[in-house]
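What follows is calculated from the coordinates using simple rules that are stated; it is not laboratory data. From a predicted model like this one, the values you see are computed outputs, not experimental measurements. Note that each Cβ is placed from the backbone with ideal geometry, even for glycine, and that neighbours are counted across all protein chains shown.
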Amino acid sequence: MAILVTGGAGFIGSHTCVELLNAGYDIVVVDNYYNSSPKSLDRVRELTGKDFKQYECDIRDSEGMDKIFKENKIDAVIHFAGLKAVGESCRKPMEYYDNNIGGTVKLCQVMRDNGCKNIVFSSSATVYGMNNVSPLKETMKAGGTTNPYGTTKYMIEIILEDICKADEEWNATLLRYFNPIGAHKSGRIGENPNGIPNNLMPYITQVAIGRLPCLSVFGNDYDTPDGTGVRDYIHVVDLADGHVKAVKNILEGKKGVQIFNLGTGKGYSVLDIINGFEKATGVKINYKIVDRRPGDIATCYSDPSKAKEVLGWEAKRDIEEMCEDSWRWQSQNPNGFED
Ligand code: NAD
Ligand code: UFG
């Protein structure tokens, strides 16, 4: 019995592998290393003292994936593999629809052909679109996404719902992540974006280490307490723990489609994060206020109560710990896994 982790070498995947192994699950990892390094998986072994099989394969390669299912007894899949850059998705929509949606459909076909019908999917708060008001609840109408990346997440949710409707043996848990930051306490695994980061925390840590000169704060005229955007930042190890709870829940019985927010329920502004980072690390962040970034909303935070009630999961780590851990990873690995 094993859990197949697609995209397991990536940021959230590698942290989830650690938590799954620590919880006693056997895992098999598949990744094409498009946005990651196989070295992250060596570090997962180092951190846990446990071994597992890893395959270099694209999830769209049905033959390669079928072989993985034939060689292992897979009970459930945690599906992280996909492309995730919002701006890039606007420039290359076909690549995003092909990789994220095409990849998920092919993965599900191989799963079905091998009798594995349990999937935990990496969705995103982005599926709530522009029109819902925070705190965001799972019962709110999803859709109204503003970029191809977000639309792939929304469409995959619908596809998985349809698969579960058509065949009641299927169970799909859709986890809507808010803003994952932080890193494993050891500083051995963490987020390693290619090129200039899009997201706030990796941008801050790269300014702190001197790789980038100055953070641009995208707008200070939002209707928020200090005018900058408010988000629900969640420690990646808490998020990883949410996957362990979700997979346990799915393996304990048939549940059909279940949707959970994984967030803290608290909103922090961009300036809160800059101040929190400076306080936690003692490093000053050079920043300037610039125009709003197109497509951004003022405020986005979760109501995480359903995950607590049903899965017994809640986020435990605070902003200070998120900042400290992000910084430990960046300062010990200034060039990511190449160090
Ligand atoms: P990541 O890029 O670090 O990890 C994704 C992994 O998938 C990478 O290792 C990449 O090489 C692999 N991959 C991509 N396409 C593949 C394919 N076709 N076949 C095999 N492997 C493939 O990203 P992450 O931050 O760890 O995100 C994991 C998942 O969570 C993604 O689906 C992402 O969209 C989703 N998500 C992330 C965030 C966030 O802010 N990080 C927020 C919401 C949802
Ligand atoms: N921000 C800056 N400067 C930067 C980067 C970000 O001021 O250089 C601000 C943004 O304007 C926003 C906040 O910091 O107010 C957070 O921005 P991120 O880019 O880190 O995160 P987003 O909330 O925009 O998006 C993230 C993921 C998406 C996902 C979404 C909802 O990148 O993939 O959360 O889950 F869809």
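Could you tell me whether any residue of the range 301-320 is under 26 Å from N131 (Cβ atoms), in contact (Cβ under 8 Å) with a residue 40 or more places away in the chain and within 12 Å of ligand 2 (Cβ to nearest atom)?
yes
Residue-wise test of (1) without any contact (Cβ under 8 Å) to a residue 40 or more places away in the chain; (2) closer than 22 Å to E191 by Cα.
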position: L4; (1), (2): no, yes
position: D42; (1), (2): yes, yes
position: E56; (1), (2): yes, yes
position: I74; (1), (2): no, no
position: I78; (1), (2): no, yes
position: A81; (1), (2): no, yes
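Looking at the range 293-321, which of its residues are assigned to a helix (DSSP H, G or I) and buried (at least 18 other Cβ atoms within 10 Å of the Cβ)?
To start, the set of residues in the range 293-321 that are assigned to a helix (DSSP H, G or I) comprises 305-311, 319-321.
A307, L311, I319, listed by residue number.
Take residues that are more than 22 Å from E314 (Cα to Cα) and over 15 Å from the mean Cα position of the chain (by Cα) and tell me which of the strands (runs of 3 or more DSSP E) falling wholly in the range 141-259 contain 3 or more.
It comes to 215-218.
Could you please let me know if G103 is away from ligand 2 (no atom under 14 Å from the Cβ) and not β-branched (V, I, T)?
Details: away from ligand 2 (no atom under 14 Å from the Cβ): yes; not β-branched (V, I, T): yes.
Judged against the criteria, G103 is a match.
Filter the range 213-233 down to the residues that are within 16 Å of ligand 1 (Cβ to nearest atom), of a type outside the set (F, W, Y) and over 10 Å from I297 (Cα atoms) and list them by number.
D232
Of the conditions (1) of a type outside the set (D, E, K, R); (2) in contact (Cβ under 8 Å) with a residue 12 or more places away in the chain; (3) surrounded by fewer than 18 Cβ atoms within 10 Å (Cβ to Cβ), N275 clears all except one; give me its number.
(2)
From the list L251, L271, which one is among the hydrophobic types (A, V, I, L, M, F, W, C) and either under 24 Å from N335 (Cα atoms) or more than 13 Å from ligand 2 (Cβ to nearest atom) (or both)? Steps first, answer last, please.
Details: L271 fails: either under 24 Å from N335 (Cα atoms) or more than 13 Å from ligand 2 (Cβ to nearest atom) (or both).
None of the other options fit; the residue is L251.
Could you go through the range 118-137 and let me know if any residue there is in contact with a Lys or Arg (Cβ under 7 Å, 6 or more places away or on another chain), within 30 Å of D75 (Cβ to Cβ) and of a type in the set (F, W, Y).
No, there is no match, as no residue in the range 118-137 is in contact with a Lys or Arg (Cβ under 7 Å, 6 or more places away or on another chain), within 30 Å of D75 (Cβ to Cβ) and of a type in the set (F, W, Y).
Would it be correct to say that T228 is more than 15 Å from ligand 2 (Cβ to nearest atom), among the β-branched types (V, I, T), in contact with a Phe, Trp or Tyr (Cβ under 9 Å, 6 or more places away or on another chain) and over 26 Å from F121 (Cβ atoms)?
For T228, the condition - more than 15 Å from ligand 2 (Cβ to nearest atom), among the β-branched types (V, I, T), in contact with a Phe, Trp or Tyr (Cβ under 9 Å, 6 or more places away or on another chain) and over 26 Å from F121 (Cβ atoms) - is not met.
I'm checking my understanding of the structure. Among residues of the range 146-161 that are among the β-branched types (V, I, T) and surrounded by fewer than 20 Cβ atoms within 10 Å (Cβ to Cβ), which one is nearest to ligand 2 (Cβ to nearest atom)? Full working, then the answer.
First pass over the range 146-161, keeping only residues among the β-branched types (V, I, T): 146, 151-152, 156, 158-159.
Among the residues that remain, those that are also surrounded by fewer than 20 Cβ atoms within 10 Å (Cβ to Cβ) are: 146, 158-159.
Details: T146: 10, I158: 17, I159: 18 Å.
Step by step, filter the range 146-161, then rank; the result is T146.
Do any residues in the range 163-183 that are within 15 Å of ligand 2 (Cβ to nearest atom) have Cβ atoms under 6 Å from those of residues that are assigned to a strand (DSSP E or B) and of a type in the set (K, R), where the two are at least six apart or on different chains, and which pairs are they?
Going by the 6 Å Cβ cut-off, the qualifying pairs are N179/R231.
Testing I204 on (1) buried (at least 22 other Cβ atoms within 10 Å of the Cβ); (2) out of contact with any strand residue (DSSP E or B) (no Cβ under 8 Å at 6 or more places or on another chain), one condition comes back false. Which one is that?
All conditions are met except number (2).
Please work out if N114 is within 14 Å of ligand 2 (Cβ to nearest atom), polar (S, T, N, Q) and over 19 Å from Y301 (Cα atoms).
Numbers: within 14 Å of ligand 2 (Cβ to nearest atom): no; polar (S, T, N, Q): yes; over 19 Å from Y301 (Cα atoms): yes.
In short, no.
Exactly one condition in (1) under 30 Å from Q330 (Cβ atoms); (2) within 12 Å of ligand 2 (Cβ to nearest atom) is not met by H243; state its number.
(2) is the only condition that H243 fails.
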